[in-house]
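The values are calculated or read from the model by the stated rules, or taken from the named source; none is laboratory data. None of the values given here were measured: they were computed from a predicted structure. Don't worry about glycine lacking a Cβ; one is built from the backbone with ideal geometry, like all the others, and counts go over all protein chains shown. In case anyone asks, the SASA skips ligands and DNA or RNA and just uses the protein heavy atoms, side chains included. Shrake-Rupley method; radii C 1.70, N 1.55, O 1.52, S 1.80 Å.
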Amino acid sequence: MPSNNTDGVDDIRDLTPVLNKPHALLPFLQLQSATSLSRLYQSPSSCLSIFRLLDSIERQLVMNLLWLESAISLTTMGAWVVQDKKKVYDDALDMLSKLHILHISGKLSLNTTFKTSLRHAITGGFGVPAEKDEKRPPMDIEGLDGYALERWETILHFMVSSGTGQTPTRPSQGVLYLLQRSGLMSNQHGSLPQITSAGFQFLLHPPHAQLWDLLLQYLHMAEERQMDLVEVLTFFFMLSTMELGREYLTENLSQTQKAMLDDLRDYGLIWQRRATSRRFSPTRLATTLTSSSPSLPTSTGAASSSQQGFIVLETNYRVYAYTDNPLQTAVLNLFVSLKYRFPNLVVGSITRDSVRRALNNGISAAQLPDRSCAPSNAKIYQIRLWELEKERLKSQEGYLYTAFASQADYEFVLDYAKQLDVVLWENNAKRCFFGSLEGHSNIRNFIERRTSGAT
C-alpha cells in the first residue's frame, strides 16, 4: 500500500520539483463544470492522459491515493512534506482540487470516478483495434510519420509564405478558419490571410506546443459547431493512448467523434485510406499528445531541437544561418534579405527594408532579436528605430467635440467621456477633445439629454 511505503515518503520529502508552467490544457479544464469533468473522467484513456499532463508532485500525490480504499487525513499527508516545500505541496493540492480530481474536506480522497477509470487505464487497453487485413495492410510507421509531417508542414509553410508573393500548398478551409480564429493569421479587408505577430511567435514554438495551441482553439469552437465538448476531449485523449502503427475501428465512435475525423486528417493526427473508411490509424502527432516524446521523429519545425542550426550575425548586419531546414529558411526570409543559399548555409542581411517588411507582416521588433541569436544592444536599438519610423504616425477614426457654450459644459462632457475611456486627445485651452468612434453614440446621447434638460 502506498501509505506504508517508506520509499514513497522519502521521494516526497526529497523531491525538488521544477516549477514549470502547467500544460496549456489544464487551465482550460479548470474552467469546465464538475458535471462535464465527471463525464470526462468516465473514460480511462482521458484519466491516464490528464495524469500524464500533471506536474511530478501532482502525479505522485495521485499515485499515493490511487489504491487507498479510504480517505487519508491532511495531517498525515502533510507530515510527509518538508517545510520549505510546503508551498509547492499546497499548489499541487490546489491544482488537483480545481480539476475535481481531489476532494479536500479535512481528509484527502480521489474523485471516485477518476480513481476507478485510472485504475482501469493502468491495467487495460484503449480503443478497438481492427483485425489485420492481409489484402490491404495498414500504413507502416515510416509512412505515417511522412504523412503527418507533410500535413503539418503544409500548415506551417502556408503561414510563413503569406504575404511574400509565394504560392505554397493551401491547407483545407477548416484549417484556415482555425488559424484565423486562433489569431495566428488575419485577412483584413478581404485580402489573403497574413501571418500575425502571434503567428510568428507560434512558429518559434516546438511542434508539440504548436499542436496544442491549435487544439485548444478547436475546443473553444466545439460548442459553436454543436459538438459535445466532453466527447471531443475524450477522443483526443483516446488517440494519445493508442498504439502507433495499428488500425482502429470507427464503429464504436460517437457521431461527434466521427465528424472529427475529417478535421484530424487535415491536421495530420490520423490517416485513413479513404474519407469513408471504417478504419483509421493515429499518427505520431496523435499518440504523443500527452507524452514528452517528440511529436515528429524528423520534425522540421522552426523550433525543432533535433535540426536546430546556428546563426552568426556580424556588426554590418550580415547573417550566416547554418541550416538545411526549408522551414527555418522561410522563417528567416520574413525579416532577412536572403542573398545566397548553399546546401547547409544561408547568407543574407538585415536591412531597413527587410525589417519594415517583417513589421508590415505583424512581427514586432522585440521578436526579431529573439530569433536572430541575441545581437548586441546597438543592433537591437537600430531595429527598434526602424520600427519607430513605422509608428511615427498613427490614424484612428473618431469625432471632434468643440464649440461648448461654457467651460463647465466642456468639463462635464469631457469627464463623462473619460469615464467611458473613449477620449483620444484633449485641449482644455480650446475647449475641445477627440473621442473614439465607439463612444460617439453614448456621448451624443449624453449631450442631447443635458441640452433637453437645460431647456
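Observations on the model:
- Pick from segment 417-435, criterion farther than 16 Å from Thr402 by Cβ and not in a loop (DSSP other than H, G, I, E, B), ranking: most open to solvent (accessible area, probe 1.4 Å): Gln419
- Considered as a group, the residues in segment 304-326 that are surrounded by fewer than 18 Cβ atoms within 10 Å (Cβ to Cβ) and at pLDDT below 65 include one that is farthest from Thr283 (Cα to Cα), and that residue is Gly309.
- For Ile122, the conditions (1) open to solvent by 20 Å² or more (accessible area, probe 1.4 Å); (2) among the hydrophobic types (A, V, I, L, M, F, W, C); (3) touching an Asp or Glu at 6+ places or on another chain (Cβ under 9 Å) are fulfilled apart from (3).
- Residue within segment 328-344 that is over 30 Å from Ile50 (Cα atoms), hydrophobic (A, V, I, L, M, F, W, C), at pLDDT 85 or above and surrounded by fewer than 14 Cβ atoms within 10 Å (Cβ to Cβ) present: yes
- Index of the failed condition, Lys379 passing every other in (1) touching a strand residue (DSSP E or B) at 6+ places or on another chain (Cβ under 9 Å); (2) among the basic types (Lys, Arg); (3) open to solvent by 40 Å² or more (accessible area, probe 1.4 Å); (4) at pLDDT below 70: (3)
- Within segment 282-299, the set of residues being modelled with pLDDT under 60 and either touching a Gly at 6+ places or on another chain (Cβ under 6 Å) or open to solvent by 20 Å² or more (accessible area, probe 1.4 Å) (or both) comprises just one member, Thr298.
- Taking the criterion of being at pLDDT 90 or above and either acidic (Asp, Glu) or under 17 Å from Arg279 (Cα atoms) (or both), the residues of segment 223-239 that qualify are Asp228, Glu231, Phe235, Phe236, Met238, Leu239.
- Of the helices (runs of 4 or more DSSP H) lying entirely inside segment 163-267, those containing at least 2 residues that are more than 22 Å from Gln42 (Cα to Cα) and open to solvent by 10 Å² or more (accessible area, probe 1.4 Å) are 173-181, 197-203, 207-222, 255-267.
- Entirely in segment 29-105, the helices (runs of 4 or more DSSP H) that have 1 or more residues that are surrounded by 14 or more Cβ atoms within 10 Å (Cβ to Cβ) and touching a Lys or Arg at 6+ places or on another chain (Cβ under 8 Å): 44-53, 56-66, 74-78
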